[in-house]
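What follows is one structure encoded as structure tokens, with my remarks underneath.
Here, each number is a calculation from the coordinates, and none is a lab measurement. Everything numeric here is computed off the predicted structure, so don't read it as measured data. All Cβ positions, glycine included, derive from the backbone under ideal geometry; neighbour counts span all protein chains shown.
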């Protein structure tokens, strides 16, 4: 029960942050915001401040901001109506929800790196037979403290040092600690073709070692923590956009590559059981994904509204309400179909239904 409450709380925070972004941008642009709601359906309670009804509604999943003149078929001509604002102002209003989700993800990743991000240690757990590491004399239990002049405090550092070092030299110098004795061995990596997470074949240096199943928390001072958090966020963003492109072009199967609300709830509930850091990590990932998803140029989403604004900017006139309504309805049907498909796949992957 506690796990369910935690998941509901996290979703509520993500939604509030998203809608607060729209609210603040609209208020700054001088748009009248009629409703700011957490949840959908019947109004349960709330308070009116500055002409805005801040409310909690019956169904807690989701939320919305209702602005004057937001519905294209009911355009307001008053100064407080959305349509009265410039294309630039409306762009920031539509993009602000995703931007605040992205900023939240950055903040959460920074917090994670301050607390201590779980990272595999730099201790060797596996040495593959016949590979360069075995030939050089590396054995399980060795701790890799340096690779060709680059200190390696964790396994990510080891992988990075091997990859970068191979670009500049054919033979790498591994400094190892073996039972409190320091030793240096030379390893000549093999260049092998492997399949990455996107199903693509890539070339990379292979040494033939794997990490020990030992997780260490790696923490930094606030400045470095947010720098590392930013790097992690940008890396995950690039991977996400690359994955979206491959799914569009058929390079990745949609069935196994995407999770919907059921999958997100599953992963979030698992993270909640493991502790605060895993929960912060999954929350940051979901917040980032919400930002990226909402900015896709698809009617119904914020990105769809931005697409209409782009057309308006180019043609010097707004897209007609009839065209917007038709495209939005068609997109909504496609989105519902996609949600049902993804939810079914999630049920097969994460519930006993798929193991029957």
The residues 349, 28, sorted from fewest to most surrounding Cβ atoms within 10 Å, come out as 28, 349
Between residue 47 and residue 334, Cβ-based FRET efficiency (R0 56 Å, step 0.05) works out to 0.90
Residue of 176, 301, 38 that the Gaussian network model of the chain assigns the largest fluctuation, springs spanning Cα pairs under 10 Å
176
Rg(Cα) / (2.2 N^0.38 Å) computed for the range 27-146, rounded to two decimals
1.97
Counting pairs of Cα atoms in the chain, how many percent are more than 37 Å apart?
35 percent
Ranking of 78, 287, 160 by count of other Cβ atoms within 10 Å, fewest first
78, 160, 287
A student asked for the Cα radius of gyration and Dmax of the range 152-194 in angstrom ought to give 11.6, 36
Note: residue 343 to residue 235 extended length (0.36 nm per residue) minus current alpha-carbon separation gives 36.2 nm
Could you calculate the contour length gain from residue 293 to residue 156, that is, 0.36 nm times the residue separation minus the distance between their Cα atoms, to one decimal place in nm?
46.5 nm
Two pseudo-spin positions, 7 Å from Cα along C-beta at residue 315 and at residue 171, lie apart in nanometres by 6.8 nm
Does anyone have the angle between helix 261-274 and the longest principal axis of the chain? Alpha-carbon axes, 0 to 90°, nearest 10?
50 degrees
Over the range 1-97, with a single point scatterer placed on each C-alpha, what log10 of the ratio I(q)/I(0) does the Debye formula yield at q = 0.13, 0.15, 0.20, 0.25 1/Å?
-0.47, -0.61, -0.97, -1.29
Please give, to one decimal in nm, the separation of the simple spin-label points placed at residue 255 and residue 227, each 7 Å out from Cα toward the Cβ.
4.6 nm
Between residue 86 and residue 20, what is the label-point separation in nm under the 7 Å Cα-to-beta-carbon projection?
2.8 nm
Exposure-ranked with fewest Cβ neighbours within 10 Å first, 306, 99 stand as 99, 306
Let me have the 222 nm mean residue ellipticity of the chain computed from DSSP H runs of 4+ only, each contributing -39500 (n - 2.57), with the sum over all residues rounded to the nearest 500.
-17500 deg cm²/dmol
Based on the Kirkwood radius over alpha-carbon pairs, what value in µm²/s does the Stokes-Einstein equation return for the translational diffusion coefficient of the range 253-300 at 10 °C and 1.306 mPa s?
133 µm²/s
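Sort the range 215-288 into rounded, prolate or oblate with this rule: let a ≥ b ≥ c be the square roots of the eigenvalues of the Cα gyration tensor; rounded if a/c is under 1.5, and if a/c is not under 1.5, prolate when a/b is larger than b/c, oblate otherwise.
Oblate.
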Using only the alpha carbons, work out the radius of gyration and Dmax of the range 119-218 in angstrom.
13.0, 41
With no solvent term and unit scatterers on the alpha-carbon positions of the range 114-158, Debye gives log₁₀ I(q)/I(0) at q = 0.23, 0.28 Å⁻¹ of -0.85, -1.07
